[in-house]
Amino acid sequence: MRVPLKNVLKRLLPYAIVLLVFAGAEVTLRVFDPSLRIPLVTEVGYDGYEWYQVNRSFLRKYFPASTPLIPEFKTSLFKKEKASNGLRVFCLGESSMLGTPYQMTCNIPGIVRKQLRHHFPGREVEVINFGAAAINTNVIRDLAQELVRFQPDIVLVYTGHNEFYGPDGVGAGFPEKHFPSVIPLKYAVNDLSLAGVVRRFLQPSEDGKRGGELNLMQQVSEGNRVRLESPEGERVLKLYNKNLRDIIATLRLHHVQVIVSDVVSNLLFPPFVSDTLEVDLRNQADDVIEGAQPSDILLNAFARNTTNALMQYSKGMWELRKGNIASARRNLCMAKDNDLLKFRAPERINEIARKVCEDEGVSFVSADSLFGVRAPKGVAGDEMFWEHLHPTALGYYEIALLFVQEIVKSEGSGSEHPRQLLPFDKDSLSICWLDEAYGDLSIQHLTGRWPFTSYRRKTAVLDSSDAKLIAIAQQAYSRTLDWDEACYRSAAELWRKGDVRRAMATYEAMLEEYPYNYYAHYLLGSLLNHARRTEEALVHYRQSIALNSRFPNPRTDLGLILVNRGDFDGAISELSQSLALLTSQSASALKATIYYGLAAAYANKGSLDEALRHVDEALRITPVYSDAQVLRASILRQQK
């Protein structure tokens, strides 16, 4: 029986009205309260340039509104208009790509950027960190679709550890588990302003966020124990395979080069949770881990308990002591894979990544293989890890180097005489004290709570530092002090203590993060000048002036250097411009210095009256200025 069109329209009308109401509400909210939506970037203006700034809070839409702890992006900047000679690299991944426990230059993006700027000095290199703790490929797949509009040349992918406990992993709801295609739809709905209203209503108070002993690892896992060979484990692995293929397809559709690395874990770190064992067997396994020889009973138990993480770890440590590297690695990998708390990616994650890259024809590098080669015992362990999976600065350097070598191979040398890549050296890589101290504090916090028990690592710098520096690091870690200000203060304290090299590294690190920082250029120039590295100081003084022509300090220092070099006209020009920039409220010491410099320049030119006028002004401002007193006496002698 045919239903008249009129009746069909009548039945659809209520639904259409509801849709129109929702659409009207969404448009209204977007117009009158834009803060309800969460953009990936915001547009900002700094130093005469238009920038995109990564939104720290962007990841809220991937987590339930009532979640106390929301992972955050690093608030990086990149130019709104990409340079014609630019090389723009985006870094995608989880906490290891973010750089946990570090904040600045010790991470993969920071080291990649430093190496590429060194290797391609004629190009404007941007390396933007889109790594974040507690996310997985469900989020990265969605993120990749947004990133392509910013025209990256290359995307680096290092991900796989959070597939089980990240958004819509083992904690996914019924629809997401049984119909994975609804996951992107859910994220799209969460991006609406209407969803923002719900989030605002449900989000916990600041007291709620701070309360209790909950940490991010506990929050994302909810204590869920996962067997690798379970249906849920298989579902997660299958979804990882699909997500990685989709990420690659999205990027390649927009002609973006993709480089994927497998992920690496500390195989010498014991499993967090194992299946229950008889007390005697457990004690024997623990004794073998500590160095004892296994009994015949335990050797038989090893063979029977192939999925027990503790037993396989015990056997792996025993094999390693015997020098059986292949057997040790096999058993230690089984221990990691059968750890019931899935905070380390199982081997199948790496197998999938390798196979997907092979199928899709994209570049693949193996951090896992490299760490095995670099490890003294042939098995990746504490020498390049802080705990179960976050690398030390050296570990991050090794992973970054894999990516850089692949980029250089694809981009060419950029020169007839290509530069060698930088070795692992804190000075050449601009690894600053504050970043290492922040890492020490972060690791202490991370390993001082569940699921760690009595886990301690020697700090990199904190235990050997004085109270003033430690206080600055603690303020930076607690966010009671802005990161840039903490960098300035720590550098000033290091300089005061005579540690010029580490003070320089701090300013260099700041300039790696933001090369347009005129103040950091000035301070680095001052430090180089103090160290009698005048030619290098001049470069930074001139860059500071070019970036902010109204800042008088670098002109003053430049003018004084020119006086000492015999360029008296150049000195007078710079010092006069510096003087013109000062106001009546300007620091009297700086004014006196400028007048003194002008007096010296005029005296050397033979303009003694002009020199005397300027030196008298310097002494009027600062009567106890000893250098000015000496110069005045010299001028008076010449006038006679």
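Bear in mind these aren't lab numbers, they're just calculated from the coordinates by the rules spelled out. Worth saying up front: this structure is predicted, and the values here are computed from it rather than measured. Virtual Cβ from ideal backbone geometry, glycine too; neighbours counted across all protein chains shown.
I'd like the Kirkwood hydrodynamic radius of region 493-564, using the inverse of the mean 1/r over distinct C-alpha pairs, in Å. Evaluated on region 493-564, it is 12.1 Å. Quick one: of Lys79/Lys114; Lys342/Lys458; Lys177/Lys342; Lys114/Lys342; Lys114/Lys426; Lys315/Lys342, which pairs are farther than 22 Å apart, Cα to Cα? Distance filter (> 22 Å) returns Lys342/Lys458; Lys114/Lys342.
Considering every Cα-Cα pair within region 65-189, what fraction, in whole percent, is farther apart than 19 Å?
Details: 4098 of 7750 pairs.
Summing the P(r) tail past 19 Å for region 65-189 gives 53 percent.
Ranked highest first by the average count of other Cβ atoms within 10 Å around their residues, in what order do 613-621, 219-227, 124-132 fall? Walk me through the intermediate numbers first.
On the way: 613-621: 20.0, 219-227: 16.0, 124-132: 23.3.
Packing proxy ranking, top to bottom: 124-132, 613-621, 219-227.
Expressed as a fraction of 2.2 N^0.38 Å, the C-alpha radius of gyration for region 96-162 is 1.18.
If the only charges are +1 at each Lys and Arg Cβ and -1 at each Asp and Glu Cβ, what is the size of the charge dipole of region 433-639 around the Cα centre, to the nearest 20 debye? Don't skip to the answer; put the middle values down first.
Working: 23 positive and 24 negative charges, 82 e Å.
So the dipole magnitude of region 433-639 works out to roughly 400 debye.
In region 496-640, the convex hull through the Cα atoms has an average projected area of 9.1 nm², a quarter of its surface area. Taken about its Cα centre, the chain carries a charge dipole of roughly 1160 debye when the Cβ of each Lys and Arg holds +1 and the Cβ of each Asp and Glu holds -1.
Kirkwood radius and radius of gyration were both taken over the C-alpha atoms of region 555-637, and their ratio Rg/Rh is 0.94.
Between Rg and the Kirkwood Rh of the chain, both from Cα atoms, what is the Rg to Rh ratio?
Values: Rg = 30.2 Å, Rh = 28.3 Å.
My calculation puts Rg/Rh at 1.07.
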